[in-house]
Amino acid sequence: MSFDRAALPWRVGILGDGADPAAQLIEEQPERSDHIFYLVSDPARDAEMVDELIVLSQGHALAHLPALQALNIPCQILLRRHGGHGSAADWAAGLDMLAAALARSAAPHLTLAALTPAATEALRPQFPALRAWPDLRPVYDDVPRFPVDRNEAQSTFSIEFNDLRESRRIERDALHWARLRCLAQLIARDPQDVDMQDLVALANGTRLPRPELRPEDRPLRWLAVVPNGVGLGHITRMMALATALKQHRKADVIFWCFSRAAEILQAAGFQIVLRQTAQHLKAHPPAWRDWESAEFARAIQHIKPDVVSYDGAVIDPFVFRGLRHPGCGRTAFVWVLRGMMRPDADPAFLENAQYCDLILEPGDFAVSVDRGATRTRQPYLRGFSSKITTQPVAFSRTQSKFSRREAKKRMQLGWGKHCLVSLGGAFGDWDAIEAEIIAEAKAHGVTLIWAQSPLAPPPRDSDTPVRRLFPLSRYLAGIDGVITATGYNSFHELMLEYTGPVMFAPTNHIRMDDQVARAQFAADQGWASIVLADQQSEMKGQIAAFMAEVQAGQTYETRPDQSLDGAEFARHISAICQRYAVVQPEWTT
Amino acid sequence: MDQGNLLHHFAQVRRQVTALCHKERFSAAHVLLTGSGLSAEDAPGLWEYVARQAALAGHDDLAHRVRETLWQAGLLSDPLALDEGAYYLEAEDAEACIYVLESHFGALPTQPEALEYLTRAHMLAASRRTSGGKLRTSRATALRLTQNIELNSPAHAIAAVDLLRFADEIDRSVALNAQARATFPDDIRFTMRDARIAEQKGAPDTALRLWREVADTSERYRSDALFKLLSLSLKREDSAAAGALAAELACLELPLDARLQLALLTGQEDMALAVSQYVSENAGNSDAVSYAEGKAVGDLLLQAGYFGLVLWLRRQRVTLSERAKAVLDASRFGEELGLPLPANFQEAAALRSPACMLPLRDFMHLPERPAGWPAPRQTAGRILLVNSSLKAGGAERQFVALVRALLDAGLPKSQIDVALFNLDADRARDHFLPDLMALDVSIHNLSQLQIANPHLPQRIARVVGALPAGLQQDARQLWHLCQDLRPDVIHGWQDRSAAAAGLVAELSGTERVVLSMRNMAPHTRQDRGLTLFKPLLQSWARLPNVTLTANAGPAAADYEAWLGCDAGTVDVLRNAVNIDNFAPIFEQIKRRKPHQGPLRVGGVFRLATNKRPLLWLETLAALRDTHGLQIAPQIYGDGPLRDQIIAHAAQLGFKDLMITTGASDPRALYGDLDILLLMSRVEGLPNVLLEAQACGLPVAACDVGGVREAVQTRGDASALVMDADISATEAADALAAWLPAARAADPQPRHGFVRTHFAPETLAQACLKAYTGTAHPLHRRSTA
């Protein structure tokens, strides 16, 4: 089979700082929308990997001039006006130096460009062959005004949400400029910084009125980042959301998965890119992060997702670095951030809200007892983010259920009462509870079944049958009672799908949600009973009472029933994607 | 063992040793010899044989070990002593080399190679002693080792020339270098020595010519020569030449450290960061970044104050010099009381010294001073006045005037110490030294300060070690002096000295600090080298014991704008003119009849871009051509544009332009002038305007800096103040309109203006108030 280079995307090497707005705006040139961008550090070595090289400033050109002159691929040197580093006199000296150096030895493959027509006019006397960069793709005009200043670490701006005008702030380099130009009309604050004025003029480009939102038929591309969290909550929530999007937006979902439970995703038929954390690899975290950022950026450029999502409280910076990489600028970011944080958890993670388009809080039945940071603070008041709270998200809602007979058969359970124990997760102080459960089950003639989790150790009692039940909801009809930890997923799955007795055994791990509050809430509502690992004196009685309920076949009919409205969720995501939609000329007429 | 057996044993050992050496098994031969019982005393020839054979085969360390045994036995032969000297020289252990050679051959060897090695070793020792400062060699040693010498090799000749050169024996070094050029005519390095000597002697034109010759003829030393040419062109403010040279260098395949140096020299921060980023991202690839390049890049970045980048390179596993590592270790990055670790290259690049160490008290974890500290004092206490040099400049003249004014105000001589960073005669840094010596105060030449213990305490070294190179050297020397003198007040004069003085005062806990700037702010002067002082001055402007001053209202306002401080942060401490010095010449000018010949127009200024000497000439040409005046221009001063001025003057028809250098006597400067003209682009409070008016001369100048404050503007004797951006034609028109009345006017108002407004007593009183903390902050701008 012959190799057809022309069939591959055009590869553009960028020599310079990837955080430079100029680097991020290249992809907004209409003819470059299908190009793939690489950050290059050694033009002599890396030229083999790219079809074209763009040098972001005269400073970078001077640093690598002999190597650039020796290239055998097209190389564009972008000349910048003053405003970045150093004085105006030094800037002028730098241009003089480059002009004189280029005059010394002609290199036809080297071309010169400036950011804007104004910059081109200003610099052309010294560089007659200078060309202005082409206009960028048009963007919509109904966006707030946003000040940018190289000397300010944060920008403060005003934005209207739901007819309310709010003051927002965001770190200077939080967003990719291709994203930023879609979100705001930029204003250069420092009149001395001519380069920034050029960047702003380029970024603002042509602005057109936004048409009425039309139903989007195009399949959505969704890249879901799943961390290696505690329990299966991250995975199951994302599976639930992905399933809803598949159903309502024909979404193509790919998981960027660090979780040890990736097999669940694979079994459910999702595409996954299995990743390793620095901890898994025992790698130096900054070095790992560099590689992961580059790999993530490469994946975004190839997959071209409309949305990148992340489920979890603590987002590794590689995600944002990847999203700021040249070529990754037309991707919305959705942070799936459940509530019920422990009240003593450090709220610093909420700063990440500034990178988001949407913070999606999966609803929690126990929200009225939520005292965590997501409730007491307003994380969405950062950057351009908005927030929605859905009804509880449970993967079980999308799954068909087995009949009691089928479930028992599949679980290989005989006659009698069976209680599922799922103390899951990799964390928990279960020794005392486990011992009491085994004792009381025996005492009440209840057979225990242990839920196998890729993240949990097996039971200490080797006689206890272990079953792999994912998703659990499909098997619930065959089970007479459940003792479980109170993670988001288990809690909502059971409350939504199960009518039998449930006993919650909440964990109190610092990284996890406020399971005690959630379990207590359920107990207070009369939906379930509760056993606490640190109240050993009451444990025996509580478990005995629960086992009695299991044996008696008690049912609970008052449990809540509201869950994610997939269509509405898909509409929210579509609206977010509209922020970065390519302006369609016919819509503007 | 009897004699026969001994001989047999010896023969056997010798045979075996010879055989082993023949097979190049020198270690085995050494072991055999050691185990044979034949000591160096018993069989020196065998030991020597092993040493020689091992050295010949390149086994230097083994040869050295064998020679050491012979040395300890006192049996080292001349050739082996030479080998041992060469070994230490190669290992750059200059002290050991000198010890071995002088012990064996005496302090002045007759053996030519021994003399060569000894000369080179002394030069090496001197260069290692400098630790970044100025290289100095012992005059006695230099003279001893170079008297009537036969030049043994180019390396010997170079070392000998340098020994003399750095002992300030310039003429002898020139002569020896000429001898070397004749002996080794094809060795370009002697041309390079000539060029360096020319630089040292202040002959930049010759230096430029010679470096150009090197650049054009030597491929190997081309980039070195181009860097020298670039550096000289920048000093001469010849931006066109500098740009062309920089471009030439930019096109060359330079090592990474040289490319970084090019960026730093030319102020190309983007380029410097790009080179650093390359080093950072290719740290593990020895093909891309060699061990030596990595170390050199780290050192250059440290010298330039890119503190965070040096740390970043270390984290990227770039090999750094021991000094760089020590500085980083002392800074305690990432520790509880240290600086935070940068998360990426951009954050690291923003971590610059000295800014990242400010406020210094926080960085050093010093307790806060109580509110109100320091309390006003009755007397100033011991005062240390610090300036860069005593070269022939207005600020230096004012510095001496300050000392005189303080003494005249009643301060005892014993209470005043004067520290100067450089008093080199060969660079004319000592122009006003006789005037200062005449005042009989203690003068400390910091470049030759004898320091008993050169080490700094750890907490001081932590700060000083992290400073950019120039400031570090200044602060180090001044700190040692301050520990000896324990002054109550440190007064730094001009930006560079002010930065060092402020730093040392804060490090030493000095009670009062006065920092006097004597020109417009660096951003107006476009002085890149001074911009790093900005965060320091910003930090000190907030301290209650620090007084910042400038010598004119506009200069103070310019500094305030540069520093982003409130108006009134920088006091005005105007110049002082001792009017009595000008009384005789004033009387003479007052009495003289109008000069009938060509109009004698004087210009007293440094021949540099900011003084706009070409505009000065063009204005006079326009005055002559448009208004029919005969002009006799006279320039007093020196500087990088001298040749350009002479050429331009010739073009304009001023073939007899007189340029006088080194004059400072008022009579010589102003006695034969009709008017004084200044066309500067930037000025603080120009001293020459005050002095010319003190002599009664009409003065004309452009409206820049503190010019308006420096001139008398009433009546016919008023000065002419022209627009800052005036053209030559417009200036000529203005001069032509102003001249008749100005020349005819009574000069008394000019003289009186200077007497009234620039009295030394005013300067002294303002300083004493600042020294004692009794200046009322609301009246800070009215100290003159």
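The values are calculated or read from the model by the stated rules, or taken from the named source; none is laboratory data. Remember, it's a predicted structure, so these values are computed and weren't measured experimentally. Here the Cβ positions follow ideal geometry from the backbone for every residue, glycine too, while neighbour counts run over all protein chains shown.
Summed over region B:694-707, residues that are touching a residue at least 24 places away in the same chain (Cβ under 8 Å) and closer than 22 Å to B:Met520 by Cα total 8. Just to be sure, is B:Leu384 under 25 Å from B:Ala469 (Cα atoms), modelled with pLDDT of 90 or more, away from chain A (no Cβ under 14 Å) and in contact with a helix residue (DSSP H, G or I) (Cβ under 7 Å, 6 or more places away or on another chain)? Against the criterion (under 25 Å from B:Ala469 (Cα atoms), modelled with pLDDT of 90 or more, away from chain A (no Cβ under 14 Å) and in contact with a helix residue (DSSP H, G or I) (Cβ under 7 Å, 6 or more places away or on another chain)), B:Leu384 qualifies. Apart from one condition, B:Leu411 fits all of (1) part of a loop (DSSP other than H, G, I, E, B); (2) touching a Lys or Arg at 6+ places or on another chain (Cβ under 7 Å); (3) more than 21 Å from B:Gln477 (Cα to Cα); the exception is (2).
The set of residues in region B:281-313 being of a type in the set (D, E, K, R) and closer than 21 Å to A:Asp17 by Cβ consists of B:Glu281 alone.
For beta carbons closer than 6 Å, sequence separation of 6+ or different chains, a first residue in region B:220-239 that is within 12 Å of chain A (Cβ to nearest Cβ) and a second that is assigned to a loop (DSSP other than H, G, I, E, B) and basic (Lys, Arg), there are no qualifying pairs.
Considering only region B:266-276, state which residues are polar (S, T, N, Q) and at the interface with another protein chain (Cβ under 7 Å from one of its Cβ atoms). Matches in region B:266-276: B:Thr266, B:Gln268. If the condition is being in contact (Cβ under 8 Å) with a residue 24 or more places away in the chain and under 13 Å from A:Ala92 (Cα atoms), then region B:260-274 contributes B:Thr266, B:Gly267. What's the total number of residues in region B:275-309 that are among the hydroxyl-bearing types (Ser, Thr, Tyr) and free of Cβ contacts under 8 Å to residues at least 24 places away in the same chain? Summing the residues that are among the hydroxyl-bearing types (Ser, Thr, Tyr) and free of Cβ contacts under 8 Å to residues at least 24 places away in the same chain in region B:275-309 gives 2.
Within region B:76-97, the set of residues being under 23 Å from B:Ala29 (Cα atoms) and surrounded by fewer than 16 Cβ atoms within 10 Å (Cβ to Cβ) comprises B:Asp78, B:Pro79. Filtered by the rule that a residue be facing chain A (nearest Cβ under 7 Å) and not in a loop (DSSP other than H, G, I, E, B), region B:278-302 gives B:Tyr278, B:Glu281.
Counting only strands (runs of 3 or more DSSP E) that fall entirely inside region A:333-451 and contain at least 1 residues that are in contact with a Leu (Cβ under 7 Å, 6 or more places away or on another chain) and of a type in the set (Phe, Trp, Tyr), no element qualifies. Residues that are free of Cβ contacts under 8 Å to residues at least 12 places away in the same chain, assigned to a helix (DSSP H, G or I) and more than 14 Å from every other protein chain (Cβ to nearest Cβ) within region B:319-347 comprise B:Glu322, B:Lys325, B:Asp329, listed in sequence order. Determine if region B:53-74 includes at least one residue that is acidic (Asp, Glu), closer than 18 Å to B:Glu116 by Cα and free of Cβ contacts under 8 Å to residues at least 12 places away in the same chain. Checked against the condition, which is being acidic (Asp, Glu), closer than 18 Å to B:Glu116 by Cα and free of Cβ contacts under 8 Å to residues at least 12 places away in the same chain, region B:53-74 yields no hits at all. B:Pro255 satisfies every condition listed in (1) of a type outside the set (D, E, K, R); (2) more than 7 Å from every other protein chain (Cβ to nearest Cβ); (3) in contact (Cβ under 8 Å) with a residue 60 or more places away in the chain except (3). Inclusion of A:Val194 among residues that are aliphatic (A, V, I, L, M) and under 25 Å from the mean Cα position of the chain (by Cα) is not warranted.
The requirement of being touching a residue at least 40 places away in the same chain (Cβ under 8 Å) and within 14 Å of another protein chain (Cβ to nearest Cβ) is not satisfied by A:Gly59. The requirement of being closer than 28 Å to B:Gly492 by Cβ and either free of Cβ contacts under 8 Å to residues at least 12 places away in the same chain or crowded, with 19+ Cβ neighbours inside 10 Å (or both) is fulfilled nowhere in region B:588-601; no residue meets it. Taken as a whole, the structure places B:Glu248 among residues that are facing chain A (nearest Cβ under 8 Å), assigned to a helix (DSSP H, G or I) and surrounded by fewer than 21 Cβ atoms within 10 Å (Cβ to Cβ). Is it the case that B:Ala263 is small (Gly, Ala, Ser), within 10 Å of chain A (Cβ to nearest Cβ) and either touching a helix residue (DSSP H, G or I) at 6+ places or on another chain (Cβ under 8 Å) or surrounded by fewer than 23 Cβ atoms within 10 Å (Cβ to Cβ) (or both)? Considered against the rule, which asks whether it is small (Gly, Ala, Ser), within 10 Å of chain A (Cβ to nearest Cβ) and either touching a helix residue (DSSP H, G or I) at 6+ places or on another chain (Cβ under 8 Å) or surrounded by fewer than 23 Cβ atoms within 10 Å (Cβ to Cβ) (or both), B:Ala263 comes out as yes. When region B:503-537 is filtered for residues that are more than 14 Å from every other protein chain (Cβ to nearest Cβ) and polar (S, T, N, Q), the ones remaining, listed by number, are B:Ser508, B:Thr510, B:Ser516, B:Asn519.
Looking only at region A:32-56, residues that are part of a loop (DSSP other than H, G, I, E, B), closer than 19 Å to B:Ala288 by Cβ and either away from chain B (no Cβ under 12 Å) or hydrophobic (A, V, I, L, M, F, W, C) (or both) come to 1 in all. When the helices (runs of 4 or more DSSP H) confined to region B:462-546 are screened for residues that are small (Gly, Ala, Ser), those reaching at least 1 such residues are found at B:469-485, B:495-508, B:534-541. Scanning region A:62-101 for residues that are surrounded by 22 or more Cβ atoms within 10 Å (Cβ to Cβ), farther than 28 Å from B:Gln526 by Cβ and more than 11 Å from chain B (Cβ to nearest Cβ) yields a total of 1. In the set (1) within 30 Å of B:Gly529 (Cα to Cα); (2) of a type in the set (S, T, N, Q); (3) modelled with pLDDT of 90 or more, B:Gln200 fails one condition alone, (3). Identification of strands (runs of 3 or more DSSP E) wholly contained in region B:673-784 with 2 or more residues that are touching a Ser or Thr at 6+ places or on another chain (Cβ under 8 Å) and buried (at least 23 other Cβ atoms within 10 Å of the Cβ) yields B:699-702. Whenever a residue of region B:188-202 is under 22 Å from B:Leu423 (Cβ atoms), its partners that are part of a loop (DSSP other than H, G, I, E, B) and charged (D, E, K, R), lying with C-beta atoms within less than 8 angstrom and at least six residues away or across chains, give the pairs B:Gln200/B:Asp426; B:Gln200/B:Arg427; B:Lys201/B:Asp426; B:Gly202/B:Asp426; B:Gly202/B:Arg427.
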